[in-house]
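Working notes, structure below.
The values are calculated or read from the model by the stated rules, or taken from the named source; none is laboratory data. Being a predicted model, the structure only gives us computed values, none of them experimental. Quick reminder, even Gly has a Cβ in these numbers, built from the backbone with ideal geometry, and neighbours come from all protein chains shown. Each accessible area value is taken on the protein alone, full model and side chains, heavy atoms only, with ligands, DNA and RNA left out. Shrake-Rupley method; radii C 1.70, N 1.55, O 1.52, S 1.80 Å.
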Amino acid sequence: MPAMYKVRPLHGAGVLAEHLPTCMYPLPNLHRAPGTAAPPQEEVDPSLQALESRQEEILKRLYELKSAVDGLSKMIQTPDADFDVTNIIQTDEFSPLTANGADLDLMLGNDYGALKDVVINANPSLPPLSLLVIHSLLCERYKILSAVHTHSSVKSVPENLLKCFGEQTKKKPRHEYQLGFTLIWKDVPKPQMKFSIQTMCPIEGEGNIARFLFSLFGQKYNAVTSTLIDSWVDTAIFQLKEGSSKERGAVLRSMNAALGKSSWLVGNELTVADVVAWCALQQTGTANTAPANVQKWMKSCENLAPFSSVMKLLK
């Protein structure tokens, strides 16, 4: 029977047919003969390498965090975990801030007779009241050489801020002071402090600077008390001062509960937590709406001269 369609051949008789592959995806031969050149390797994307490094770092931190949590869980399961934190705070040894001054050479290092000078940059639009309170407390303990300057980045500074350290009397020779305290009103986003320009990076944030300055009193706290103080300082800065109205309400309730057990936020003596929290309440305008225990605590603060002098700056 004759074919209906006839297809013309596409190749001549002398052309050999090509061998078809026996697999769908050909792979390079890994078993090369000795002396043959290695196939070129593809370049790795730098962003992919950075992502892998970041993932490894996160996994490492998670492992360390898991180990810490496991350790805490073992502590909680012990019978000694049901203790009252306030008992430990009450047994902690507090020394009055008006006691003899600590050894600044031991705490800050010996500069061979040079005056140790703390320099703070702060924005006059939001003055760091807690640092001014601590400055006044330091003046009761040490011989402080105080100075206030205005940076060129600031056009004008209110008169009361220029005199925030009070009227400066006739100054003694520089070598007769124990510590220099210089405040520079400058256009900065947050307070900055430098103690030694050559050997340290600046400390930023009102809470962090307050911690450093308050440590110059040489107070000794145990681990529980130190943790509670740091927690109240962070709460005052990030929730009471910079948080929403809902967060402020929650902080005030926590403060009211804590002050119902002791006269100060942590223990029976003034700490940096009281200074920072009191100043945060003053700057946010929530002092008048505070609960009863908080109101009583605020009056106790204002009975101290360093707090009352700062209140004049708010008027």
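Among residues belonging to the stretch 222-264 that are under 22 Å from S136 (Cα atoms) and not in a helix (DSSP H, G or I), point out the one that is least open to solvent (accessible area, probe 1.4 Å).
The extreme case among them is W264.
Please enumerate the residues belonging to the stretch 173-211 that are more than 24 Å from S152 (Cβ to Cβ), modelled with pLDDT under 90 and hydrophobic (A, V, I, L, M, F, W, C).
Across the stretch 173-211, the qualifying residues are L179, M200.
Keeping to the stretch 149-166, report how many residues are touching a helix residue (DSSP H, G or I) at 6+ places or on another chain (Cβ under 6 Å) and either crowded, with 17+ Cβ neighbours inside 10 Å or free of Cβ contacts under 8 Å to residues at least 12 places away in the same chain (or both).
Number of matching residues: 1.
List the residue pairs whose Cβ atoms are under 9 Å apart, where the first residue sits in the stretch 48-68 and is on the phi < 0 side of the Ramachandran plot, the second is part of a helix (DSSP H, G or I) and not basic (K, R), and the two are 6 or more positions apart or on different chains.
Matching pairs, first to second residue: none at all.
Yes/no matrix, rows are residues, columns are (1) β-branched (V, I, T); (2) open to solvent by 10 Å² or more (accessible area, probe 1.4 Å):
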site: V266; (1), (2): yes, no
site: T289; (1), (2): yes, yes
site: S300; (1), (2): no, yes
site: A305; (1), (2): no, yes
site: S309; (1), (2): no, yes
site: L313; (1), (2): no, yes
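When both residues are 6+ apart or on different chains and their Cβ atoms are under 9 Å apart, which pairs have a first residue that lies in the stretch 191-204 and is outside any strand (DSSP E or B), and a second that is modelled with pLDDT under 75 and acidic (D, E)?
Close Cβ pairs (under 9 Å, with a partner that is modelled with pLDDT under 75 and acidic (D, E)) amount to S196/D111.
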